[in-house]
1. Can you find a residue that is in contact with a Gly (Cβ under 7 Å, 6 or more places away or on another chain), surrounded by fewer than 23 Cβ atoms within 10 Å (Cβ to Cβ) and not in a helix (DSSP H, G or I) anywhere in segment 516-528?
2. Step by step: first the residues of segment 654-671, then only those that are farther than 24 Å from Pro491 by Cβ and free of Cβ contacts under 8 Å to residues at least 40 places away in the same chain, then the one that is farthest from the chain's Cα centre (by Cα). Which residue is that?
3. Would you kindly identify the helices (runs of 4 or more DSSP H) lying entirely within segment 209-285 that contain at least 1 residues that are of a type in the set (D, E, K, R)?
4. How many of the residues making up segment 309-351 are aromatic (Phe, Trp, Tyr), over 16 Å from Glu386 (Cα atoms) and in a helix (DSSP H, G or I)?
5. Select from segment 470-505 the residues that are surrounded by fewer than 24 Cβ atoms within 10 Å (Cβ to Cβ) and either among the aromatic types (Phe, Trp, Tyr) or over 25 Å from Gly592 (Cβ atoms) (or both) and list them in ascending order.
6. Look through Thr587, Thr572 and report the one residue that is in a loop (DSSP other than H, G, I, E, B) and in contact with a helix residue (DSSP H, G or I) (Cβ under 8 Å, 6 or more places away or on another chain).
7. Which ones in segment 637-667 are touching a helix residue (DSSP H, G or I) at 6+ places or on another chain (Cβ under 9 Å), over 16 Å from Pro727 (Cβ atoms) and either charged (D, E, K, R) or assigned to a loop (DSSP other than H, G, I, E, B) (or both)?
8. Tell me whether segment 507-514 contains one or more residues that are in a helix (DSSP H, G or I) and touching a residue at least 40 places away in the same chain (Cβ under 8 Å).
Amino acid sequence: MDFNTIFSRSIRKIKLFWKTFRTHRYIKKIRAIWGTGNIQKWSRISYDVSWNVLLGLLLITVVGAVFAGGIGMGYFASLVKDEPVRDYDSMQQDIHNYAETSSLYFANNEPIGDLRSDIYREDISLENVSGLLKDAVIATEDEYFNAHKGIVPKAIVRALVQQAGVASNQSGGSTLTQQLVKNQILTNEVSFDRKATEILIAMRLERFFEKDAILEAYLNVVPFGRDASGSNIGGVQTAAEGIFGIDAAEVNLPQAAYIAGLPQSPSAYTPFKNNGGLKSKSGIQPGLDRMHSVLKRMYESDYIAKKQYEKALSYDITADFTEESQSPVEQYPYLTFEAEKRARNIIMNHLAEKDGYSTDDLENDDDLKKQYHARAEQSLRQGGYEIHTTIDKSTHDAFKDIAANYDHYGPDWTGFVEDESGEQTKITQSVQTGGVLIENATGRIISFVGGRHYSRDNQLNYATTAKRSNGSTMKPILAYAPAFEKGVIQPGTPVADVPTSYGDWSPDNYGGGYHGLVSARKALYNSYNIPAINVYNRINDQDPVSEFLEPMGITTLGKNEYANLSLSIGATTQGVTVEDNVSAFATLGNQGESADSHMIEKITDQQENVIYEHKTNTTDVFSPETAYLTLDVMRDVINKGTGTYLNSQIKHRNVDWTGKTGTSQDYKDAWFVGVNPKVSMGVWLGYDIGKSIQCPTCALSYSQRTQKLWAELINKASDIHPELVAPDKNFERPDGIVSRNYCGISGMLPSNLCQKAGLIKTDLFNAKYAPTEKDDSLIRGSYVTVNGQTVKAGPNTPEEFVEGDGLTFNPAFLQRNGYTQLGDLSLLLPRTNRDKWSKIGLPQAGISQETVQNDGTNPVAPKTAKLNGNTLSWRESASQDVVGYRIYHASSPNNSFSLVGNTTGTNLTISKATGIYQVRAVDYFGLESQASSIKTES
């Protein structure tokens, strides 16, 4: 609207006013009296002058007022000429577009608290706000609220005067409607433009919205200082909870007055300090004085009676202040930050998806991902989301307490470490821990241990973020289970634990030593390294990492690590998280199906729309048969292997627990992961900067300390939720599992010779891979050593020189399995059942397939025998077919000689050093040489 239009309208209004003025009944009466002429007679001159002056002044005043009004209206119009005409929907969105704090929840909707935010605010409908609180706010902030149409004229005049600098007492917009406009639609800028726009929008707002809607929006927007934890709070519901620990519907009169007085100066009147806790007595007093002022206004405005007023004045409001509290970050730091991180990623993908982008788009475009990450961060802080986690509160509280008070972590480590610049720095570090409890079927994280203590200097979550070598816990999931799945081995398959080299690398076992031919079952439950590497080497060319580990959730391994055989025993570059490691074991507990581990169950927005809800999708990784076989072997870890210490620590002994211990290189990491039919639980111990956690002075070994902590956590979780954590049912055995006898030497079906050796064993098999061929590891007959070579004994070969008690290894079997490369084949003999294994002939050198040619002559006699003390020795025969020597004795030369011993060597210990001895060589065909030189002793 231009100035000419405004001026023309003003002139028309002046003319209308003058017409109305002349026809007024009082003016008509005056004019009638005037018409008699009496007054004119004596005061015509003075009358004319006075009347003309009066009319002139009146006309000037009216015209001036109208003109000024027109000018003012024109000026007002010029100030708001760029302001768009706002419709109902846009204003509805604006007044409710306030930041609302997102909230975290445990499982079963138990609240954790609000996420970190610049200001904490919880939305509330007006019907849930106490009438006392509404009255207190209106009486204090806008006494004409229920009557005005958005503005109070005197407030506008006051604002104009203040803007012109005539008055110094600043008061700003006076009505609640104007304050709502300023906070939600405009800015806090002080100018005529902003004030004019505020007035215009306030009046328009009042046209579209009921008073209750305006009041409700205002009560949710206004700031109220700080709560007991020191956090900034906004809205009456957050104020009531944060200051008095009650809902806004429950406040009494003094509490309502106290809250209503805060918005004028929130920082001055709040009773709490910036870092939490009550202010001093003097610091609280301004808020108390303000409360009394509010009560007085309520009394003067007839909201309360005198008796209520006086009673409220004497009320001790300080007794109602809630106690100093911890924010969720302070009380549950690991959980809060982890839930925030996961929720932010979910919201980021949600926002991107709304804009037409996929998760792959974000992963392939760093700039795009940063953009949506920032949007998700802001949305998370201000969007009023309800984030429901999978974490069980009781279990999580118990885990926190146990982790904080466990007595057997081991000592702190003090020493020098090298920083990035190469300088040596002295540090002290404590043993840290991480643990995760997962439901097998769903991947739901029931609880976790993020560390011993969260601090500003150490905020690493050792359960979900820290990557560590998982040591021997890698063996079942990367070596044995994949090999079972492919039929390469089964639990009873013998694997050689013998010295083995792969290029320049010669691995050894924990504790050193070798164990010979042992079953895969025994190798796993005793955690031998060499058999695990051997098994992995058999399947490594089939990429078991991509086929098995990655689908189970372990994705932190580099492609360049896959070919490293040491990966099978947990030697990783980056390592794996506790969560990922436990999730992989949970796959075995879920009959070979992997369910992604997750901590966020559901997210809803301010309108209670579900923007995310976890859906369990499983991936087939192993067959049920493979999963069961692996679990059955891991039962023996606890029953008779490296985890037997647990038997003295587990409270619920009827639970079908299986598990695996783990130790990384140089004892830097210790693990135990346990699996039952419902849940899997893993615990890790180690220093943040990897150092050995061995402790010779500790009451428990590092492995026992790890297992004891695991047991304390699982025992408590079992007490809280026995139906979940301590189920009474065992793992269900699939129909495809069969029990079979097999030969402990070869893993094949037993042969008569294996039965004769007493080495028939029984184990479980996947029916698809049960043995079908008969054992050929043994053959009848024995072996003798001829001219340094081991050959099969002939029918005339003297038995006393034959090894093996009639049974010996089949040369073809030894060669087929690569055992001939050992050189010393005695390394194949296990440490257990040695009496049975020793009956098998075991060549000490390479096995010759050649036969011995019979020259038909007796062997050459050995050289002169010598007696030194009780040892008789001689030089070997020159013949090439000698298998041993017989020793004869006579008391004198005239007496007959009798056989007193035999040997395949060139010396013999005798019982008496008197009489005469002679030594005769014996060949492969049983022929005997002449006697050696006779040595007579007296």
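The values are calculated or read from the model by the stated rules, or taken from the named source; none is laboratory data. Because the structure is predicted, anything quoted here is derived from the model rather than measured. All Cβ positions, glycine included, derive from the backbone under ideal geometry; neighbour counts span all protein chains shown.
1. yes
2. Within segment 654-671, the match that is farthest from the chain's Cα centre (by Cα) is Asp666.
3. 211-221
4. Going through segment 309-351 one residue at a time, the tally reaches 2.
5. Ala496, Val498, Pro499, Thr500, Ser501, Tyr502, Gly503, Asp504, Trp505
6. Thr572
7. Scanning segment 637-667 gives Lys640, Gly641, Thr642, Gly643, Gln649, Lys660, Ser664.
8. no
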